[in-house]
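What follows is a short report on a single structure.
The values are calculated or read from the model by the stated rules, or taken from the named source; none is laboratory data. This one's a predicted model, so the numbers in the text were calculated from it and none came from an experiment. Methodologically, a virtual Cβ is constructed for each residue, glycine included, from the backbone with ideal geometry; neighbour enumeration extends over all protein chains shown.
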Amino acid sequence: MKPIAYLTAAMVLAVGVAGAAAQAPIQSFMGTVKAVTGSSVTVERISLTGVFTVDPKTHVAAKGATTKTKENKEAGKPGLTVPDAVHVGDLVVVRYREVAGTMLATDIQVRTPAPGAAATKK
């Protein structure tokens with residue numbers, strides 16, 4: 001009987017953690033991109049620095065991104081990744097949730113591309 005109780009407790013805890021993540025309020029941070037990798041974006045605003053975790057669900061809004069994503073998919077390639085559309089020097093607004101002690105980016109909007117770093121040029 002104890003294994004069932006432990007399993008039930010684990011499932012309740014997992015659902016509770018997932019529910020808490022979904023309930024975390026969305027916040028925003030505006031600044032200049034200082035670093036971009038496949039798993040994170042570092043953004044600086046005056047003396048504040050935010051390191052945001054990105055994943056395949058992170059939505060990126062950048063001029064021309066929809067067209068480039070469509071072209072890639074038609075060519076049999078995956079859609080754009082965050083590093084494809086966000087570059088060092090871009091002015092961005094990051095919408096994020098705090099999940100398990102990390103800032104998970106849900107949406108990144110490129111407001112002003114860095115000079116010479118057009119995200120979606122061919």
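On the basis of being at pLDDT below 95, outside any loop (DSSP other than H, G, I, E, B) and in contact with a Leu (Cβ under 8 Å, 6 or more places away or on another chain), does T69 make the cut? Steps first, answer last, please.
On the way: at pLDDT below 95: yes; outside any loop (DSSP other than H, G, I, E, B): yes; in contact with a Leu (Cβ under 8 Å, 6 or more places away or on another chain): yes.
Yes; evaluated as a whole, the condition is true for this residue.
Out of the residues in segment 43-78 that are of a type in the set (V, I, T) and more than 11 Å from the chain's Cα centre (by Cα), state the one that is farthest from R95 (Cα to Cα).
The first filter runs over segment 43-78 and keeps only residues of a type in the set (V, I, T), leaving 43, 46, 49, 51, 53-54, 58, 60, 66-67, 69.
Among the residues that remain, those that are also more than 11 Å from the chain's Cα centre (by Cα) are: 43, 46, 49, 66-67, 69.
On the way: V43: 12, I46: 18, T49: 14, T66: 19, T67: 23, T69: 21 Å.
Going through the qualifying residues, I end up with T67.
When you scan segment 3-46, how many residues do you find that are touching a Leu at 6+ places or on another chain (Cβ under 9 Å) and at pLDDT 95 or above?
Qualifying residue count, segment 3-46: 5.
Within segment 54-77, take every residue that is among the hydroxyl-bearing types (S, T, Y) and exposed (fewer than 14 other Cβ atoms within 10 Å of the Cβ) and give me the one that is nearest to A105 (Cα to Cα).
T66
Residues of segment 41-52 being of a type in the set (S, T, N, Q) and crowded, with 16+ Cβ neighbours inside 10 Å, which ones? It would help to see each step written out before you state the result.
Within segment 41-52, the subset of a type in the set (S, T, N, Q) is 42, 47, 49.
Of everything in segment 41-52, just one residue is of a type in the set (S, T, N, Q) and crowded, with 16+ Cβ neighbours inside 10 Å, namely T42.
Every residue, every condition in (1) touching a Cys at 6+ places or on another chain (Cβ under 9 Å); (2) free of Cβ contacts under 8 Å to residues at least 24 places away in the same chain; (3) more than 12 Å from F29 (Cβ to Cβ); (4) of a type in the set (F, W, Y), yes or no:
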| site | (1), (2), (3), (4) |
| --- | --- |
| V41 | no, no, no, no |
| D55 | no, no, yes, no |
| A62 | no, no, yes, no |
| K70 | no, yes, yes, no |
| P78 | no, yes, yes, no |
| P83 | no, no, yes, no |
| D90 | no, no, yes, no |
| A100 | no, no, yes, no |
| D107 | no, no, no, no |
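Can you tell me which of (1) within 16 Å of I108 (Cβ to Cβ); (2) modelled with pLDDT of 85 or more is the one L80 doesn't meet?
(2)
Given R95, R111, which one is at pLDDT below 95, part of a strand (DSSP E or B) and either surrounded by 13 or more Cβ atoms within 10 Å (Cβ to Cβ) or of a type outside the set (S, T, N, Q) (or both)?
Working: R95 fails: at pLDDT below 95.
That would be R111, the only listed residue that is at pLDDT below 95, part of a strand (DSSP E or B) and either surrounded by 13 or more Cβ atoms within 10 Å (Cβ to Cβ) or of a type outside the set (S, T, N, Q) (or both).
Considering only residues that are in a loop (DSSP other than H, G, I, E, B), of a type in the set (V, I, T) and modelled with pLDDT under 95, which ones fall in segment 47-61? Talk me through it step by step, then tell me what you get.
Going through segment 47-61, the residues in a loop (DSSP other than H, G, I, E, B) turn out to be 47, 54-58.
Going one step further and asking which of them are of a type in the set (V, I, T), we end up with 54, 58.
Residue satisfying the conditions is T58 alone.
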